[in-house]
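First comes the structure, then the notes that go with it.
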Amino acid sequence: MLKNVFEKPSKAEFVLGLATSCFALVAFGLFFADAVGDKGGDGLPAFKIAFDVMIDGLHFNARVFFAYLIPLLCAAATVLPFKERKVYFAAAVLMLAAGIVMFCMKEIYLAKYDEELADMYRKAGVELAAPAIVAGTFSLIAAGLAVARGFCGVKFAVGKDSEEKENAGGENAQKADDIKEAE
Amino acid sequence: MMKKRTVFAICIVLSLCFTLGVATACGENPANPQGLDNYLVIDADKEYQSVTGFGASAAWWAQTVPVGSQSATDLAESLYSEEGIALSIYRYNIGGGSWDYNAYNEHGAGDFVVFPEYRNTQSAFIADNYDESLSAAENFADPDNYDFSKDENALEFMKLCATQEGSTVERIILFANSPHYLLTVSGKTNGDYAYQSNLPAENYDAYCEYLIKYLDYVVNGLGLGVEAVSAINEPQHSWGGENAPQEGCHYEPKELAAFYDKFYGYLKEFNEANGTNVKMDVFESGNYDVYKSKGRVMEYIYAMSKYDWFEEIDTISVHSYGSPVSVEARESFVYMLNNLYGDRINIEMSEICYMEAGLDDGMDSALWLSEVMNKDFVNLGARAWCWWMATSCDDYNDGIVTWMWGSENGEVRPTKRYWVMGNYSKFVDTGDKRVEGYVDNASDGVFATVFKKADGRIVVVLTNAGKSATDINLPAGYATLQAWETSADKDLEQVYDGNYGTTYNAPAGSVTTIILSK
């Protein structure tokens, strides 16, 4: 059963999968670090933006929560040697989306305010914090690595054509030699 | 050809050298070139804010101080004279009248409060005189509807503090937690539910009249100078519903700004008529947390900034309750404030207390107080610093002295918080500048707040909250040193007066005021 799902990865596939997972894990870990901040200030971690305690209860911001949860899931997926390479491409798409959301954390944080207040916070110096930039970058890198993991070991049709052409070239040369010899 | 291992080893060594070099370069402090541990750095030429005073609130307890009693004399001396800790800011509470309907006896102020009924406040407004045929503003504008003898204890105690021989009172601030209950939506000095905006716009004028009547009585009736009136207190808090054990009123930012706009006009008129310069204190924010959802401090400031009068506001009062020991929260607030309004807005810290039931008369809460004061002066840039209630009743740590409320001759017992506040307030005068100063390479719990007096002397408030005594390395350039220590067995006691040395030993769990002279 498992043999139908998994395959023994090559060394390159293993390294790529591991690297993807590491980047994705770090991106997830930064869920607990500042997502927005200011120069020298305390900032607000992504998990607090995801679970924003408002006046009378807990407000759940699904975009932020899933943006950081996705890399964790993808980390688990990409470290496993699936036969089906679409898994890696799907993970790449998800991590790409997660990375974009991470880069938009400031706007997501400010979205709860009306435009006037959001503008005030921008002028006041609220900025995308370095950990969110790192998380977004790592998520994008993980997406790129997942794509590479998906393609790793694949023999491209383009490669076959070239081989055939080379072989064909060889055959033509052989024919030419044969003709010369006949003459 | 070099082997791979050799190349790898060279790379590792080079990396280590580079890292070490960077670390060394970054770690060196020009102010402490020898890299000494616990080195007191002082740069007296680098000046920050001017100090505008230290104080405490007279809310709730002052109304129980019998006029002419020994208790009154003892309390006034211990708080507002050089015999005591020389506080300079007196905060009188304009009550919302909850005494009239015994609000906090019925609803309960919590089991920890011995005298919950004392959280009810007296109001000079005579509710029985309220004429339904007139508007609220007309009722509250009528001087015949006021009887200030209802709050005689509190008013007379304030007068005693301000006029006693050797009084250190320099600033009187009148503050209110809630409008009078006859002016609120709920008909009480709390909301019916949490975050209910309890002052309707149609009663803004009436509330202004109420505040002005108090101001007029204190200025013209008692003959005391008033620096500011603070009409709103911690507006972002809920102040309603089940858990409302004291007077309070929630305002949304735009409501707050609209009320201030109205009150500014009343105050201006009063000042013109009386030749005074009473300011509008804004806005006793419950915190300075710019990122917390319930913080909202920037929203209130921004709402006020839409009005012309905001240009005249040079000081904002905040409370340190939100993140009392956070450096970062303070720096975020200051950073944002500066980005929006430049450096024209000063900050005063007008309320904090140690919110724990029981009585901690040891050093723990006193060391905490010193940490809050240090961070408020250094990281928040606070010019003034006020504690919440000056006295408590042995039941809660919100006082700096304990005294049996209502007693004619009750013993005034200072807590260590009182003495530690004195480590600052007795030695740092109005106009003194905070200057650059800190303990470099400090041991855990060791920190300093440094001020410069007009005559050039340096005041260092040195705290060692650690578990062991620490030798502080002193900077060169001074001739004499005086020190007053508060610790487990000393109450602001002078422990040294003599020649300057190279080190000073700070006992574990102590706060010491050191005066350095050249």
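The values are calculated or read from the model by the stated rules, or taken from the named source; none is laboratory data. Owing to the predicted nature of the structure, the values given are computational and were not obtained by experimental measurement. Every residue, glycine among them, receives a Cβ derived from its backbone with ideal geometry; neighbour counts consider all protein chains shown. The protein model used for the area step is the full one, side chains on, heavy atoms only, and it has no ligands, DNA or RNA in it. Shrake-Rupley method; radii C 1.70, N 1.55, O 1.52, S 1.80 Å.
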Self-check item: Within the range A:111-135, considering residues that are within 30 Å of the chain's Cα centre (by Cα) and among the basic types (Lys, Arg), the one farthest from B:Met298 (Cα to Cα)
Solution: A:Lys112
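Taking the condition touching a helix residue (DSSP H, G or I) at 6+ places or on another chain (Cβ under 8 Å), at pLDDT 95 or above and over 30 Å from B:Asn473 (Cα atoms), does B:Thr64 pass? Step through it out loud before you land on a result.
Numbers: touching a helix residue (DSSP H, G or I) at 6+ places or on another chain (Cβ under 8 Å): yes; at pLDDT 95 or above: no; over 30 Å from B:Asn473 (Cα atoms): yes.
It is false that B:Thr64 is touching a helix residue (DSSP H, G or I) at 6+ places or on another chain (Cβ under 8 Å), at pLDDT 95 or above and over 30 Å from B:Asn473 (Cα atoms).
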Quiz item: Quick check: is even one residue across the range A:115-125 away from chain B (no Cβ under 14 Å), farther than 20 Å from A:Phe60 by Cα and not aromatic (Phe, Trp, Tyr)?
Solution: no
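Hey, can you tell me all the residues within the range B:273-283 that are free of Cβ contacts under 8 Å to residues at least 40 places away in the same chain and in a loop (DSSP other than H, G, I, E, B)?
Kept after step one, since they are free of Cβ contacts under 8 Å to residues at least 40 places away in the same chain, are these residues of the range B:273-283: B:273, B:275, B:277.
If the condition is that a residue be free of Cβ contacts under 8 Å to residues at least 40 places away in the same chain and in a loop (DSSP other than H, G, I, E, B), then B:Gly275, B:Asn277 are the ones that fit.
Filter the range B:417-461 down to the residues that are among the aliphatic types (A, V, I, L, M), open to solvent by 10 Å² or more (accessible area, probe 1.4 Å) and under 20 Å from B:Ser88 (Cβ atoms) and list them by number. Working first, answer last.
Just the residues of the range B:417-461 that are among the aliphatic types (A, V, I, L, M), to begin with: B:420-421, B:428, B:435, B:439, B:442, B:446, B:448, B:450, B:454, B:458-461.
Adding the requirement that they be open to solvent by 10 Å² or more (accessible area, probe 1.4 Å) leaves B:439, B:442, B:446, B:454.
The one that is among the aliphatic types (A, V, I, L, M), open to solvent by 10 Å² or more (accessible area, probe 1.4 Å) and under 20 Å from B:Ser88 (Cβ atoms): B:Ala454.
Working carefully through the options B:Ser135, B:Ser149, find the one that is open to solvent by 60 Å² or more (accessible area, probe 1.4 Å) and among the polar types (S, T, N, Q).
On the way: B:Ser135 fails: open to solvent by 60 Å² or more (accessible area, probe 1.4 Å).
So the residue among B:Ser135, B:Ser149 that is open to solvent by 60 Å² or more (accessible area, probe 1.4 Å) and among the polar types (S, T, N, Q) is B:Ser149.
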Quiz prompt | Output for the range A:98-129, where each listed residue is without any contact (Cβ under 8 Å) to a residue 12 or more places away in the chain and not hydroxyl-bearing (Ser, Thr, Tyr) | solution = A:Cys104, A:Glu107, A:Ala111, A:Asp114, A:Glu115, A:Glu116, A:Leu117, A:Ala118, A:Asp119, A:Met120, A:Lys123
Quiz prompt | Close pairs from the range B:182-203: first more than 14 Å from chain A (Cβ to nearest Cβ) and free of Cβ contacts under 8 Å to residues at least 40 places away in the same chain, partner in a loop (DSSP other than H, G, I, E, B) and open to solvent by less than 20 Å² (accessible area, probe 1.4 Å), Cβ under 7 Å, at least 6 apart | solution = B:Val185/B:Gln196; B:Val185/B:Asn198
Quiz item: Can you name the residue in the range B:90-124 that is of a type in the set (Phe, Trp, Tyr) and at pLDDT 85 or above and is also surrounded by the most Cβ atoms within 10 Å (Cβ to Cβ) among such residues?
Solution: B:Tyr90
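Would you confirm, using the coordinates I've provided, whether A:Ile133 is surrounded by fewer than 17 Cβ atoms within 10 Å (Cβ to Cβ), outside any loop (DSSP other than H, G, I, E, B) and β-branched (Val, Ile, Thr)?
On the way: surrounded by fewer than 17 Cβ atoms within 10 Å (Cβ to Cβ): yes; outside any loop (DSSP other than H, G, I, E, B): yes; β-branched (Val, Ile, Thr): yes.
In short, yes.
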Quiz item: Taking the range B:197-246, which residues are open to solvent by less than 10 Å² (accessible area, probe 1.4 Å) and part of a helix (DSSP H, G or I)?
Solution: B:Ala206, B:Tyr207, B:Cys208, B:Tyr210, B:Leu211, B:Tyr214, B:Leu215, B:Val218
Practice problem: Return the residue satisfying two criteria in turn: it lies in the range B:284-307 and is within 9 Å of chain A (Cβ to nearest Cβ) and basic (Lys, Arg), and of such residues it is nearest to B:His250 (Cα to Cα). | Solution: B:Lys294
Self-check item: Check on B:Tyr39, farther than 21 Å from B:Gly422 by Cα, open to solvent by 40 Å² or more (accessible area, probe 1.4 Å), modelled with pLDDT of 95 or more and of a type in the set (Ser, Thr, Tyr)
Solution: no
Quiz item: With (1) within 18 Å of the chain's Cα centre (by Cα); (2) more than 10 Å from every other protein chain (Cβ to nearest Cβ); (3) under 25 Å from A:Glu115 (Cβ atoms) as the list, and B:Met280 as the residue in question, which single condition is left unmet?
Solution: (3)
Exercise. May I ask you to verify whether B:Thr163 is open to solvent by 20 Å² or more (accessible area, probe 1.4 Å) and within 29 Å of B:Gly84 (Cβ to Cβ)?
Key: yes
Quiz item: Of all residues in the range B:474-516, which are in contact (Cβ under 8 Å) with a residue 60 or more places away in the chain and at positive phi?
Solution: B:Leu492, B:Gly509
